[in-house]
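The values are calculated or read from the model by the stated rules, or taken from the named source; none is laboratory data. Small disclaimer: the values here were computed from a predicted structure and weren't measured. Please note: Cβ atoms are built from the backbone with ideal geometry, for glycine as well, and neighbour counts cover all protein chains shown. For accessibility, only protein heavy atoms count, side chains too; no ligands or nucleic acids. Shrake-Rupley method; radii C 1.70, N 1.55, O 1.52, S 1.80 Å.
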Amino acid sequence: MINPYKDKKWFKLLSNKYIWVTLSFLVWMTFLDTYSYFDHKILDKDIQELEENKKYYLEEIKKDKQHIQQLHNSEQVEKYAREKYYMKKDSEDIYIIEFEGDSITKNDPN
């Protein structure tokens with residue numbers, strides 16, 4: 001019995017074992033492997049987010065270093081203590097003025 005499709009181009013391509021091996025390899029690497037294409041896309045996205053976080057934190061470190069340099073001056077230390085911790089001299093009084101909307105209050109219905 002003679003195969004009528006033996007001389008057709010598509011039959012030669014489909015019967016080639018190297019094409020099947022290549023296709024199976026591509027399917028395996030794209031979908032089934034531990035480090036598939038889709039996993040790499042997710043990992044690349046995570047890497048990009050981490051690099052953005054790194055930039056942000058490096059900028060914050062730079063700002064904090066400048067702030068520390070300013071705190072070597074005794075006037076700056078006094079200013080910081082007054083603003084952040086409401087410290088005062090013995091002969092002074094401090095009044096904290098809060099406007100509506102400045103502080104977050106919890107509305108209790110009771």
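Would you check if there is a residue in the range 75-86 being open to solvent by 100 Å² or more (accessible area, probe 1.4 Å), hydroxyl-bearing (Ser, Thr, Tyr) and not in a helix (DSSP H, G or I)? The answer is yes, given that some residue of the range 75-86 is open to solvent by 100 Å² or more (accessible area, probe 1.4 Å), hydroxyl-bearing (Ser, Thr, Tyr) and not in a helix (DSSP H, G or I).
If you filter the range 71-110 down to residues that are of a type outside the set (S, T, N, Q) and in contact with a helix residue (DSSP H, G or I) (Cβ under 6 Å, 6 or more places away or on another chain), you find that the one that is modelled with the lowest pLDDT is 87.
Being open to solvent by 90 Å² or more (accessible area, probe 1.4 Å), modelled with pLDDT of 90 or more and among the polar types (S, T, N, Q), is that true of even one residue in the range 22-33? There is no residue in the range 22-33 that is open to solvent by 90 Å² or more (accessible area, probe 1.4 Å), modelled with pLDDT of 90 or more and among the polar types (S, T, N, Q).
Within the range 45-74, the set of residues being outside any helix (DSSP H, G or I) and open to solvent by less than 100 Å² (accessible area, probe 1.4 Å) comprises 71, 73. For the subset of the range 9-21 comprising residues that are modelled with pLDDT under 80 and out of contact with any helix residue (DSSP H, G or I) (no Cβ under 9 Å at 6 or more places or on another chain), which member is nearest to residue 41 (Cα to Cα)? By that ranking, first place goes to 10.
Candidates are the residues of the range 40-57 that are within 10 Å of the chain's Cα centre (by Cα) and of a type in the set (Asp, Glu); the one that is nearest to residue 29 (Cα to Cα) is 46.
For residue 39, are the conditions met, namely being open to solvent by less than 100 Å² (accessible area, probe 1.4 Å), in a helix (DSSP H, G or I) and farther than 30 Å from residue 84 by Cβ? When the stated conditions are applied, residue 39 passes them.
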